[in-house]
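Report on the following structure.
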Amino acid sequence: MKKTVYTILAILFAFNSNAQNLSQGLQAYYPFNGNFNDYSGNNNNGTQHGGVLFGTNKTGNTSGAAYFDGVDDFIEVAPSLTITPTDSLSICFTFKTNKTTGQYLISKHDYFNSVNNYQFNAGFNLSTLPSLGLFFGSDHNGDCNSIGSFPNASDATITGQTIMANVWYTVVMTFSSGVKSIYVDGSLLMQQNVSSSAAFPHSIDSCANGKLIFGSHWSQDPLFFNGFLDEVRIYKRVLTNQEVNAYTTLINDIKETNQTQISISPNPTSDVITIKGINQPTVAVFNLMGQKVVTSQNSNEVNLANLPAGMYMVQVLNKDMELVKSEKVIKE
């Protein structure tokens, strides 16, 4: 059903007002727009292993998501205090898998040296857990030294709904005060307390030497991911329901029809971008704080020359004010 101009403007207003908070407590941000860099300002840049490539993301950007082959691909981020949460944590990401067997999407631990420095991990359909679906594992024993399988039934929160192949999912996982929550496409699917047997249920083990890993578990039991991962954000705080909705709206609220026929170029750009595949669009440009910094109407060219260098989200609306394209653009 077509959105009215009022609905679209309401969405953009809600994004602009609520998503401003999405910059607060942001420790790492990986848009995977042709590189593995962290755009939070904390320089937690990633290094790929195995030949991680880039593929088409949920919004139709042909080089806008990291693609993992499920054989030996993963991304490694060096240990850093900025990605070592303790009392509060939020992990946001969107993904699409090519297969439904158990896989890991994100892990925080020491990849190569046994099972030390575990903090948290996320994946889906793990057969060693009591049920299938997305899981959010976290360690609370206080010694950064998990023994055996991790996560297990006592430290994993699981949605119980099987993840399907070739479907995009937008996910937010949070932890605070011993409570873990999993949101999928804006809906809260699971919320539970950390097991009462945990020694420190209100904090995640503070393991400063743990690496952040995308697309795998650890070297002796990798369970490599086969699919697309995009828009990863890590916070040292819990996102509010409004912020979960703002993040989900940013990722999901795209009209699917004909969006791949619309292109934005050049990208990267130093000044003007050109919108092709649509006549006289309305264009809104947002910075990483969610603030609208440029608006253009009835023109296929948008001038970004006055903006600081960095990453921006460009949203394209058609004559009926339907959102038909959203793409990350680098301003040099």
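The values are calculated or read from the model by the stated rules, or taken from the named source; none is laboratory data. All values reported here derive from a predicted model rather than from experimental measurement. Backbone-built Cβ (ideal geometry, glycine too); neighbour counts: all protein chains shown.
Considering only residues of region 197-244 that are among the basic types (Lys, Arg) and in contact with a Pro (Cβ under 6 Å, 6 or more places away or on another chain), which is farthest from Ser326 (Cα to Cα)?
Pass one, region 197-244, residues among the basic types (Lys, Arg): 211, 233, 236-237.
This time we only want the ones that are in contact with a Pro (Cβ under 6 Å, 6 or more places away or on another chain), so: 211, 236.
Details: Lys211: 31, Lys236: 27 Å.
Out of the qualifying residues, it is Lys211.
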>> Six or more apart or on different chains, Cβ atoms under 6 Å: show the pairs whose first residue is in region 42-57 and closer than 21 Å to Ile251 by Cα and assigned by TED's automatic domain parsing to the domain that holds Gly227 and whose second is among the β-branched types (Val, Ile, Thr) and in a loop (DSSP other than H, G, I, E, B).
In response: Thr56/Thr62
> Any idea how many residues of region 52-74 are modelled with pLDDT of 95 or more and not in a strand (DSSP E or B)?
Replying inline: 5
> What residue, among those in region 108-127 that are more than 19 Å from Phe95 (Cβ to Cβ) and in a strand (DSSP E or B), is nearest to the chain's Cα centre (by Cα)?
Replying inline: His109
> In region 188-218, what residues are surrounded by 14 or more Cβ atoms within 10 Å (Cβ to Cβ), among the small types (Gly, Ala, Ser) and farther than 18 Å from Ser154 by Cβ?
Replying inline: Ser206, Gly210, Gly215, Ser216
> If Ile182 satisfies every condition in (1) at pLDDT 95 or above; (2) part of a helix (DSSP H, G or I) but one, which is the exception?
Replying inline: (2)
> Of all the residues that make up region 273-332, how many are assigned to a strand (DSSP E or B) and free of Cβ contacts under 8 Å to residues at least 60 places away in the same chain?
Replying inline: 18
> Any idea how many residues of region 270-322 are surrounded by fewer than 16 Cβ atoms within 10 Å (Cβ to Cβ) and polar (S, T, N, Q)?
Replying inline: 11
> Looking at region 174-187, which of the residues that are in contact (Cβ under 8 Å) with a residue 40 or more places away in the chain and over 15 Å from Ser203 (Cα atoms) is surrounded by the most Cβ atoms within 10 Å (Cβ to Cβ)?
Replying inline: Tyr183
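Going residue by residue through region 82-92, is there one that turns out to be assigned to a loop (DSSP other than H, G, I, E, B), at positive phi and at pLDDT 80 or above? Give the derivation first.
The initial filter retains those residues of region 82-92 that are assigned to a loop (DSSP other than H, G, I, E, B), namely 84-87.
Applying the additional criterion that residues be at positive phi yields none.
Within region 82-92, none of the residues are assigned to a loop (DSSP other than H, G, I, E, B), at positive phi and at pLDDT 80 or above.
So, of the residues in region 229-249 that are of a type in the set (A, V, I, L, M, F, W, C) and modelled with pLDDT of 90 or more, which turns out to be farthest from Gly290 (Cα to Cα)?
Checked region 229-249; the qualifying residue farthest from Gly290 (Cα to Cα) is Leu229.
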